[in-house]
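The values are calculated or read from the model by the stated rules, or taken from the named source; none is laboratory data. Not measured: the values here are computed from a predicted model. Cβ placement follows ideal geometry from the backbone for every residue including glycine, while neighbour counts extend to all protein chains displayed.
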Amino acid sequence: MFNQVLERISEEFSGANAKGLISGIAHFHRIQSSPGFRAAAKFCYNKLVDFGIPKVELLTFPAKGKNTYWGVPVPKEWVIKRASLDLIEPKEKAKNLCRFLDDPCSIIQRSKGTPKEGITGEVVILERGLKEEEIEKLDLKGKFILTDDPDLRKLREIAVKKAQAAGIIYDLVSEFKPLRTRANFPTARRYTSFWYDVHDSEGDALGFVLSAELGDELRALIKQQEERRRKDKKDKEECAVKVHAEIDAYFIDGAMEVVEFFIPGTTDEEEVLAVAHLCHPKPGAIDNASGCGTLMEVARTLQTLISTKKLPRPKRGMRFLLMAEFTGTVCYLATHEKIIEKFVAGINADMVGADQSIGGGRTLVMERTHDSCPSFVNDVLSAILHERSKEVKNFTGTGAFATFKYANDQPFSGGSDHFILGFPDIGIGTPMLIQWPDRFYHTGEDTIEKVSEEMLAIVGSLIGTYCYFIANAGYPEVLWLIQEVGSKARERIIQFAREYANSIVKKMTTEEKQEEKEKQAYMLIKNVEKRITFRKEREILTLRSTKKLLSKEQMEKEEIKKLLHNEEKLIIETANKELARLKKELIGLFESLKLTPKEPNGEKESLSKEDRELIPVKQFRGPITGLHRLTIPYEELHNYEKLIEEHKELTNTIDAAIFWINGKRTFSEICALVEAELGKVDEKFLFKILSFYEKHRLIKLKRKEKKED
């Protein structure tokens, strides 16, 4: 249904032009609410106007630190002109350690400025993992701490604000093994920022970032000087390692921008949305100048094909946004609530166009929407990716395969703007395209040389085809789509059942204690029906979402009704068949292992009936994110983080629970959905999380209204 569109877009899309746009964006230091972000937004605006896009706007939102949209604070504008850190003692080792102009990632973003003459101080090593009370006992006043402790907020609040350290020298390497470790990634500086809040904390700390190589060198020098002092009985001051820091930076009540551009359809009732985030430090080529440059070239491609009549003007409009990740998205949605209902689909381009031959990883991943927002969009993008991957034919021409690495139709994980757009009370079905893992992600080594024109052409053709196909989809396309979604739904149910069976075999064969095996056997039999039923219900809702592309008259056509009924029936039959097969396999497995499933004894409900019947109600639209937690005082947030640390294996159940909150479901119903989705839930843990959110006015736990007799 989309092959001709894919072919024409592929012919017109220019990977070279997209890379040129990315290069231009990567020239700017794009910290949200900053002159560099504004300059990048204006650059994009001017280019889009030059391309002849019918509607281009540069939207502006106040950035005062305390103003919020849907509970999300917009940070004050941060202006930085220069910064440097020099090693000055011992004199024979004196040298420059970092300069903002050389690598903008060499400063902790949103640092405060120093006096004009700078500040000088001794450098001491602060070991990672120290508790707050341990840090407070140290003599840090007026000194710079050299550390790789991952809890930067603890360092800021305790080491700097309480213990009065002069600043932080940070050499943390965010590892994801085996692709990136401290040992194999020695020269990069990590993108690090003092995140903002609504408590007037902007400008209360400063810091610099060193590579692992430089950090290790400085650590060795400090230890060498300490050894020298002990051995030669030198004065402590004489053997101190000292640095001199200068930062010309300040905060103002300013603004933050969103670039909006639009290609109209033949009607103005419905639209397709495509987004990419413009923020991140210079260069930030892959993350995420690549997404922005790709969308700009997609818009130019579509406008050119429509204006030259190589493609007809679609029925629906196509709207594009370039904004600060999460913050800018919420700013736009909160001030354009009426337009939200127009969007029938969205797509998020985050980190695309990376050269897969550099640095390892960088698989092109198509990520689905969350189960709480079932949508046909996933199967549209998946089908286009499958078709686009047929690059090279085999010897006999009976098949074709890709020359690039990709992972199709992957489950939702969040972490980008589709997390917001696809939240149920916003309801824009938005899959994401991303390349992951990326060794250079969030470092100063995310440079334009690592961008591939060929990969940009692949991703651009996917996004362009997706946007245009859905924008122009009508009755014939929906007939195809219903069958495509139905077929993929059955495949997913079968795949889930197979993976579930494999996970059970693994659990039963690795657990040693017989009693534990029998408890697990009981729970697995109990849960299998819940989980298969959940998958069946989600897939049926996904199938029904195709009606979103039909008019009321088309929905009433017998052909549509019959096709939907038949596909729904096949989904139910597949789910029932897989459930019966799984139960039979489980019984056979337990018999072979000589297990008798036993209900755990003495285990009561973890919460009272009253608590389980409470109804969580969010106090704003959209999900609860880390940006909302920035509004919570450090001492309170620290308790939350300690709770998370104690239950690491349950972290993903928090977002899952938030996605199932709709102001009607009880807490117990939400927990049941979380368990059906993820296969695990801890009511006590989730209740503590929601109670914490209620304390800080992010949700309200309401009593269920009693029905009158």
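Observations, loosely collected:
- Checking the stated criteria, Glu537 turns out to be surrounded by 14 or more Cβ atoms within 10 Å (Cβ to Cβ), of a type in the set (Asp, Glu) and under 30 Å from Phe685 (Cβ atoms).
- Exclusive hit being within 18 Å of Gln483 (Cβ to Cβ) and buried (at least 20 other Cβ atoms within 10 Å of the Cβ), set Leu550, Leu543, Leu524: Leu543
- Considering residues of the range 358-389 that are modelled with pLDDT under 95 and either of a type in the set (Ser, Thr, Tyr) or in contact with a helix residue (DSSP H, G or I) (Cβ under 8 Å, 6 or more places away or on another chain) (or both) only, the residue farthest from Lys177 (Cα to Cα): Ile358
- Some residue of the range 306-321 being touching a helix residue (DSSP H, G or I) at 6+ places or on another chain (Cβ under 6 Å), of a type outside the set (D, E, K, R), assigned to a loop (DSSP other than H, G, I, E, B) and crowded, with 18+ Cβ neighbours inside 10 Å: yes
- When Phe376 is tested against the conditions (1) crowded, with 24+ Cβ neighbours inside 10 Å; (2) without any contact (Cβ under 8 Å) to a residue 60 or more places away in the chain, the lone failure is (2).
- Residue that is surrounded by the most Cβ atoms within 10 Å (Cβ to Cβ), among those in the range 61-94 that are farther than 25 Å from Tyr250 by Cβ and among the small types (Gly, Ala, Ser): Gly71
- All positions within the range 353-364 that are touching a Ser or Thr at 6+ places or on another chain (Cβ under 9 Å) and surrounded by 22 or more Cβ atoms within 10 Å (Cβ to Cβ): Gly353, Ala354
- Residue within the range 163-180 that is touching an Asp or Glu at 6+ places or on another chain (Cβ under 7 Å) and part of a helix (DSSP H, G or I) present: no
- So Lys315, is it more than 21 Å from the chain's Cα centre (by Cα), farther than 19 Å from Asp417 by Cα and free of Cβ contacts under 8 Å to residues at least 24 places away in the same chain: no
- Figure legend. Inter-residue proximity from the range 390-417: first residues assigned by TED's automatic domain parsing to the domain that holds Gly353, second residues of a type in the set (S, T, N, Q) and in a strand (DSSP E or B), beta-carbon distance below 8 Å, spacing 6+ or different chains. Indicated pairs: Lys405/Thr363; Tyr406/Thr363; Ala407/Thr363; Ser416/Asn348; Asp417/Asn348.
- Hey, Gly15 closer than 30 Å to His386 by Cβ and within 26 Å of the chain's Cα centre (by Cα) or not: yes
- Those strands (runs of 3 or more DSSP E) lying entirely in the range 3-112 with at least 1 residues acidic (Asp, Glu): 55-63, 77-89
- Contacts under 8 angstrom Cβ, first residue in the range 233-249 being closer than 19 Å to Val124 by Cα, partner among the small types (Gly, Ala, Ser) and in a loop (DSSP other than H, G, I, E, B), 6 or more apart: His244/Gly118; Ala245/Gly118; Ala245/Ala166; Glu246/Gly118
- Scanning the range 338-396 for residues that are on the phi > 0 side of the Ramachandran plot and not aliphatic (A, V, I, L, M) yields Gly353, Gly359, Gly360, Gly361, Arg362.
- Across the range 175-205, the number of residues qualifying as of a type outside the set (A, V, I, L, M, F, W, C) and either surrounded by fewer than 16 Cβ atoms within 10 Å (Cβ to Cβ) or not assigned by TED's automatic domain parsing to the domain that holds Thr120 (or both) comes to 10.
- Flag for Lys684 being outside the structural domain of Asp197 (by TED's automatic domain parsing) and outside any helix (DSSP H, G or I): no
- Considering residues of the range 379-408 that are in contact with a Pro (Cβ under 9 Å, 6 or more places away or on another chain) and either crowded, with 23+ Cβ neighbours inside 10 Å or among the basic types (Lys, Arg) (or both) only, the residue nearest to Ser461 (Cα to Cα): Leu381
- Among residues of the range 553-597 being closer than 21 Å to Leu481 by Cβ and among the basic types (Lys, Arg), the one that is surrounded by the most Cβ atoms within 10 Å (Cβ to Cβ) is Lys557.
- Reported count of residues in the range 25-52, each being crowded, with 19+ Cβ neighbours inside 10 Å and farther than 16 Å from Glu257 by Cβ, is 1.
- Here is the figure for the range 255-300: residues that are assigned to a loop (DSSP other than H, G, I, E, B) and either of a type in the set (Val, Ile, Thr) or more than 15 Å from Lys55 (Cβ to Cβ) (or both) total 10.
- Filtered by the rule that a residue be over 28 Å from the mean Cα position of the chain (by Cα) and either under 27 Å from Gly317 (Cβ atoms) or in a strand (DSSP E or B) (or both), the range 239-254 gives Lys242, Val243, His244, Ala245, Glu246, Ile247, Asp248, Ala249, Tyr250, Ile252.
- In the range 320-344, the residues that are in the same structural domain as Cys373 (by TED's automatic domain parsing) and at pLDDT 95 or above form Cβ pairs under 7 Å with partners that are surrounded by fewer than 17 Cβ atoms within 10 Å (Cβ to Cβ) and of a type in the set (Asp, Glu), at six or more places apart or across chains, as follows: Lys342/Glu269.
- Residues located in the range 331-345, provided they are aromatic (Phe, Trp, Tyr) and part of a helix (DSSP H, G or I): Tyr332
- Just one of the numbered conditions (1) out of contact with any Phe, Trp or Tyr (no Cβ under 7 Å at 6 or more places or on another chain); (2) outside any loop (DSSP other than H, G, I, E, B); (3) more than 28 Å from Arg189 (Cα to Cα); (4) not aromatic (Phe, Trp, Tyr) is not true of Asn348: (3).
- One residue alone among Glu539, Glu518, Glu484, Glu559 is more than 24 Å from Gly427 (Cα to Cα), of a type outside the set (A, V, I, L, M, F, W, C) and at pLDDT 95 or above, and that residue is Glu559.
- Helices (runs of 4 or more DSSP H) lying entirely in the range 399-515 (those with 3 or more residues that are of a type in the set (D, E, K, R)): 475-510
- Within the range 1-22, tally of residues that are aliphatic (A, V, I, L, M), farther than 24 Å from Cys279 by Cα and at pLDDT 95 or above: 3
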